[in-house]
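Peer 1: Quick one: structure below, then a few questions.
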Amino acid sequence: MTGAFLPAVNRERSVSITQQIFIGMRTAILSGALERGARVSSWQDLSAQLGVSRGTVKRAYDLLKDQGLIVTKGRGGTWVATSIPEEEAAEPGPPVQPARGLFYDFEETPQYFQMGVPAQDQFPSKAWHGAWRRAIATESVRPQIYPDPQGLLSLRREVAGYLAIARGYSCHPSQVFITSGFAGALGVVVGAMGFHGSKAFVEDPGFPRTRLALQQADVETISAPVDNEGMKLPLVKEGVRFAVMTPGQQAPLGMPLSPARRAEVLDWANAEDAWIIEDDYAGELQLAGRASPALAAGDNFGRVFHVGSFSKTLNPGLRLGFLVVPPALAELFGTFVGFLAPAGSIIAQQAVQNFMAGGHFYRHLRRMKSLYAHRKTLLVENLRHEIHPGIRCEYEGGLSVRLFFPSGLDDVALAAEADRVGLGVLPLSPWYQSYGPGRGLLLGISNVRERTVRVKCELLSRLISTHTYG
């Protein structure tokens, strides 16, 4: 059903909403994302899900019906046609681009330049396995009762201690909630605060999956441009209830939010009764100098939700993160997670707590900062040697290297081709929403190896040359 597939709708585009729905569903049907014979939502239901008028969706459905792509059966519902007219099937148009973000093949090892994953060869496996063995032993004697939906208290204490030391942010364990990574924390905030159907500022460029997740929650995303000081609040702020941002290291451009911008966004939130969701995706892993403190550390108004994750420091497979809420909202959030979003595996929480309590987490972070700085330098040196000088290479801040292309080059097609040979780069253009999309590639640094980096850069250079000059 279309409940599992919602066509992307962007009110900032020049293309009408009707055409966006029509093109999105047509492409999904022709590509097989919406299977033939599958039932789709009624135009009334889809209009409610997308937050647009019924007439807008009905006109899109009429266009699909005119092309023989859907059939209606009165009260029997609306269905994808079981046979597609030849002229439609012969030219399927562009394939659906999944909202993949940092995800690749879920069953394979990370690709070479894949972002969002830690180094695969430098993990303290012995200490990690010991933490899990102790967690399993603890679980075997734990009373068989429902655990605290807010998360294991001992882990929340460790998180609060880590934030005070590494992120300059003092909070009480009662403010800390263990979540299913950043996505889980975002869902908790949106749900508990009643943000569904509201408006939010998002960075432009910014993480595509954050923007798409908010749109799934019927939140209208409004682009906030990014410059060398980080995110800049748009002039028009009326009706905006919250902002989602990456102040520590802007994703994907890498710069920290400047002190002036920090003050500006906090003052805005306080003055307008608005809120800020701080995505501290890289935490302390800021490679040059001392890490910028968390935005929440300077929040004197109680307007910031601080979100962190263990995905990039330990393992994405944990699906563990944490959310810190302002003290005045701890009870509200405790009630919400108790009913709708309790913390996950108690064994995984206990293992992470053991790992942190033993000092292994802090030692691991120190090693990773040094390792990633070395690997970034190594990658940049090889790129400068192999990549055409007309392609701009940026590497300041962040856990990636960014290549910017001349206009006209299809970075999405190039990234797809690079994926097929195991390079795992990401196209840059999907990270932009409104402000003249830059085209280029994002290269993760965590799994760059000295013995293989030159060969990989040579391969990438050949692919770029083919697309640029071929």
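Peer 1: Could you look through the stretch 93-119, keep only residues that are surrounded by 15 or more Cβ atoms within 10 Å (Cβ to Cβ) and within 27 Å of residue 41 (Cβ to Cβ), and pick out the one that is modelled with the lowest pLDDT?
Peer 2: Only one residue fits best here, namely 96.
Peer 1: Given the options 321, 308, 283, name the one that is in the same structural domain as residue 167 (by TED's automatic domain parsing), more than 16 Å from residue 193 (Cα to Cα) and at pLDDT below 95.
Peer 2: The unique qualifying residue is 283.
Yes/no per residue for (1) touching a helix residue (DSSP H, G or I) at 6+ places or on another chain (Cβ under 8 Å); (2) small (Gly, Ala, Ser); (3) surrounded by 20 or more Cβ atoms within 10 Å (Cβ to Cβ); (4) under 16 Å from residue 462 (Cα atoms):
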{"site": "410", "(1), (2), (3), (4)": "yes, no, no, yes"}
{"site": "420", "(1), (2), (3), (4)": "no, no, no, yes"}
{"site": "424", "(1), (2), (3), (4)": "yes, yes, yes, yes"}
{"site": "429", "(1), (2), (3), (4)": "yes, yes, no, no"}
{"site": "434", "(1), (2), (3), (4)": "no, yes, no, no"}
{"site": "440", "(1), (2), (3), (4)": "yes, yes, yes, yes"}
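Peer 1: Next up: Tally up the residues in the stretch 207-232 that are aliphatic (A, V, I, L, M) and surrounded by fewer than 18 Cβ atoms within 10 Å (Cβ to Cβ), please.
Peer 2: 2
Peer 1: Does residue 448 qualify as being under 29 Å from residue 203 (Cα atoms) and not in a loop (DSSP other than H, G, I, E, B)?
Peer 2: no
Peer 1: Only one of these conditions is not met by residue 374: (1) farther than 23 Å from residue 191 by Cβ; (2) at pLDDT below 95. Which number is it?
Peer 2: So residue 374 meets the others, but not (2).
Peer 1: Residues being out of contact with any Pro (no Cβ under 7 Å at 6 or more places or on another chain) and either at positive phi or among the charged types (D, E, K, R) (or both): count how many of those fall in the stretch 153-167.
Peer 2: Residues in the stretch 153-167 being out of contact with any Pro (no Cβ under 7 Å at 6 or more places or on another chain) and either at positive phi or among the charged types (D, E, K, R) (or both): 1 in total.
Peer 1: Residues of the stretch 226-263 being among the acidic types (Asp, Glu) and assigned to a loop (DSSP other than H, G, I, E, B), which ones?
Peer 2: 229, 238
Peer 1: Also: Give me the residue from the stretch 235-257 that is more than 14 Å from residue 396 (Cα to Cα) and within 22 Å of the chain's Cα centre (by Cα) and, out of that set, surrounded by the fewest Cβ atoms within 10 Å (Cβ to Cβ).
Peer 2: Top of the filtered list is 241.
Peer 1: Can you run down the residue pairs with Cβ atoms below 6 Å, 6 or more apart or on separate chains, where the first is in the stretch 120-142 and surrounded by fewer than 16 Cβ atoms within 10 Å (Cβ to Cβ) and the partner is aromatic (Phe, Trp, Tyr) and assigned to a helix (DSSP H, G or I)?
Peer 2: none
Peer 1: Among the candidates 354, 382, single out the residue that is at pLDDT 95 or above, polar (S, T, N, Q) and within 25 Å of residue 180 (Cα to Cα).
Peer 2: Matching residue, one of 354, 382: 354.
Peer 1: Please go through the stretch 141-152 and pick out each residue that is of a type outside the set (A, V, I, L, M, F, W, C) and at pLDDT below 90.
Peer 2: Scanning the stretch 141-152 gives 142, 143, 144.
Peer 1: If you don't mind, there's one more thing I want to ask. Would a scan of the stretch 28-36 turn up a residue that is modelled with pLDDT of 80 or more, within 26 Å of the chain's Cα centre (by Cα) and in a loop (DSSP other than H, G, I, E, B)?
Peer 2: Among the residues of the stretch 28-36, at least one is modelled with pLDDT of 80 or more, within 26 Å of the chain's Cα centre (by Cα) and in a loop (DSSP other than H, G, I, E, B), which makes the answer yes.
Peer 1: Inspect the stretch 193-202 for any residue being in a helix (DSSP H, G or I) and basic (Lys, Arg) and give the result as yes or no.
Peer 2: Checked against the condition, which is being in a helix (DSSP H, G or I) and basic (Lys, Arg), the stretch 193-202 yields no hits at all.
Peer 1: Sort through 134, 209, 157 and tell me the only one that's closer than 29 Å to residue 268 by Cα and either of a type outside the set (A, V, I, L, M) or in a loop (DSSP other than H, G, I, E, B) (or both).
Peer 2: The match here is 209.
Peer 1: Let me ask something else. Quick one: would you say residue 337 is more than 28 Å from residue 397 (Cα to Cα), among the β-branched types (Val, Ile, Thr) and either out of contact with any Phe, Trp or Tyr (no Cβ under 7 Å at 6 or more places or on another chain) or buried (at least 22 other Cβ atoms within 10 Å of the Cβ) (or both)?
Peer 2: Yes, satisfied.
Peer 1: Checking the structure you have, find out if any residue of the stretch 239-246 is at pLDDT below 95 and in the same structural domain as residue 287 (by TED's automatic domain parsing).
Peer 2: Checked the stretch 239-246: at least one residue is at pLDDT below 95 and in the same structural domain as residue 287 (by TED's automatic domain parsing).
Peer 1: Okay, moving on. Do we have residue 382 as more than 23 Å from residue 206 (Cβ to Cβ), surrounded by 17 or more Cβ atoms within 10 Å (Cβ to Cβ) and either of a type in the set (D, E, K, R) or touching a Lys or Arg at 6+ places or on another chain (Cβ under 6 Å) (or both) here?
Peer 2: Yes, satisfied.
Peer 1: Count, please, the residues in the stretch 19-41 that happen to be surrounded by 18 or more Cβ atoms within 10 Å (Cβ to Cβ) and in contact with a Ser or Thr (Cβ under 8 Å, 6 or more places away or on another chain).
Peer 2: Residues meeting the conditions: 5.
The values are calculated or read from the model by the stated rules, or taken from the named source; none is laboratory data. Computed from a predicted model, the values in this text were never measured in an experiment. Here Cβ is always computed from backbone atoms with ideal geometry, including for glycine, and neighbour counts include all displayed protein chains.
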